[in-house]
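The structure under discussion appears below in the form of structure tokens.
Here, each number is a calculation from the coordinates, and none is a lab measurement. This is a predicted model, so every value here is computed, not measured. Don't worry about glycine lacking a Cβ; one is built from the backbone with ideal geometry, like all the others, and counts go over all protein chains shown.
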Amino acid sequence: MTRYILDTIEREHYSSGGGKTYDRASVDIEHIAPQSALSAEKYESWKPILDVSEAEYKNQYRNRIGNLTLLEERLNEEASTNPFGQKKDQYRLSDFQMTEYLRSNYQEWNTSTIEERSEELAETATKIWDF
């Protein structure tokens, strides 16, 4: 369901009803702040940026739509453990306009930006699906 929602937003909003045709099997749902950002040692740099408890992150932010984007599998593998500033280098190489918009319009990534982007995507969704 998440892939469908992100894909539809990509096609209908960011790509103006068109968009690139791609093999869905080669596309990942990228967690901008990693899924294990507060529990795995390799994500140590994310802890002070997110500034919430591990439980709160898991329950409120980890899988929130604002923390997700579409990214080609090969780019996701390279971006996976990096801080946001370095992830943006991989996002620059993506064919997804949603991901390019994210790279160009956000200078930092934290719980406030996850909330902000969630609200933006929710508003976009109401225009696409006419809720």
GluC sites (Glu not before Pro) lying in DSSP loop within segment 54-131, provided at most 12 other Cβ fall within 10 Å: GLU108
Points 7 angstrom from Cα along the Cβ direction at SER39 and LYS127: gap in nanometres? 3.7
Residue span ASP89 to SER26: 0.36 nm per residue of separation minus Cα-Cα distance leaves a gain in nm of 20.8 nm
Using a Förster radius of 22 Å, what is the FRET efficiency between GLU78 and ARG3 based on their Cβ-Cβ separation? Nearest 0.05, please. 0.60
Each label sits 7 Å from Cα toward the beta-carbon; between GLU119 and GLN107 the label points are separated, in nm, by 1.9
DSSP-assigned coil residues among trypsin sites (Lys or Arg not before Pro) in segment 70-131, each with at most 14 further Cβ atoms within 10 Å: ARG92
If I take the Cα coordinates of the chain and project them onto the principal axes, what are the three extents in Å, biggest first? 40, 32, 25
For the chain, please report how many Lys pairs fall under 25 Å Cα to Cα, leaving out neighbours fewer than 8 apart on the same chain. 11
